[in-house]
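Some notes on the structure that comes next.
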Amino acid sequence: QCLFNDFCLSVQVWDTAGTERFQSLGTMLYRQTDCCLLVYDVSTSKSFHGVELWRKEFLIQANIADADADNFPFVVIGNKTDLEDRQVSHKFAKEWCNSNHLVYYETSAKDSASVEAAFQVAVAEALKRRKDLGVNDQPNQIQLSSEEMKRDQKAKCAC
């Protein structure tokens, strides 16, 4: 659970760690998803190149049409910024994400740098998507004013 704009939200995070053994679970895991975080290691360019493959795989498994692909919220996270031997520059990753309509964030899980902020951005993107799709997360409520209640009572009265 996380607190976002004074609301307590239940958030599920599925970490597949980029392993192929989770691909068979893709359809089950990815459908009904409101946002996808794609995390790569900034010290390994191979890791960054996998982001596009995982993005495409997610879109297929989640059954998101090509026309909607640019509207689905992805947050790409460059992790391990605490390491000195960086192979993927911030500028390169940011420009690539911008050209692909993806949100970009950098973190260090080791130092806890910007991790919470990255998740806050992901939650904001997920909530925006739900709003854009017209999903109502509020419980069904009926508000009756005292005038409506009096009118309803009179209608039922036999006098």
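The values are calculated or read from the model by the stated rules, or taken from the named source; none is laboratory data. Just so you know, these numbers come straight off a predicted model, no measurement behind them. Cβ placement follows ideal geometry from the backbone for every residue including glycine, while neighbour counts extend to all protein chains displayed.
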Self-check item: Residue satisfying condition, being in contact with a Phe, Trp or Tyr (Cβ under 8 Å, 6 or more places away or on another chain) and modelled with pLDDT of 95 or more, within set G18, G78
Solution: G78
Self-check item: Only listed residue being crowded, with 19+ Cβ neighbours inside 10 Å and not β-branched (V, I, T), chosen from A117, A67, A62, A126
Solution: A126
Exercise. Being closer than 13 Å to Y105 by Cα, free of Cβ contacts under 8 Å to residues at least 60 places away in the same chain and acidic (D, E) narrows it down to one of D41, D70, D66, D82, so name that one.
Key: D41
Quiz item: Among the helices (runs of 4 or more DSSP H) confined wholly to region 86-159, which include 2 or more residues that are modelled with pLDDT under 75 and acidic (D, E)?
Solution: 146-156
Exercise. Output yes when any residue across region 24-35 is outside any loop (DSSP other than H, G, I, E, B), surrounded by fewer than 12 Cβ atoms within 10 Å (Cβ to Cβ) and modelled with pLDDT under 90, and no when none is.
Key: yes
Quiz prompt | Every residue from region 47-76 that is within 15 Å of A122 (Cβ to Cβ) and among the basic types (K, R) | solution = R55
Quiz item: Applying the selection to region 32-78, what residues are over 17 Å from the mean Cα position of the chain (by Cα) and farther than 18 Å from S99 by Cα?
Solution: D41, V42, S43, T44, S45, K46, S47, A65
Self-check item: region 36-55, residues that are touching a strand residue (DSSP E or B) at 6+ places or on another chain (Cβ under 7 Å) and part of a helix (DSSP H, G or I)
Solution: S47, F48, G50, V51, W54, R55
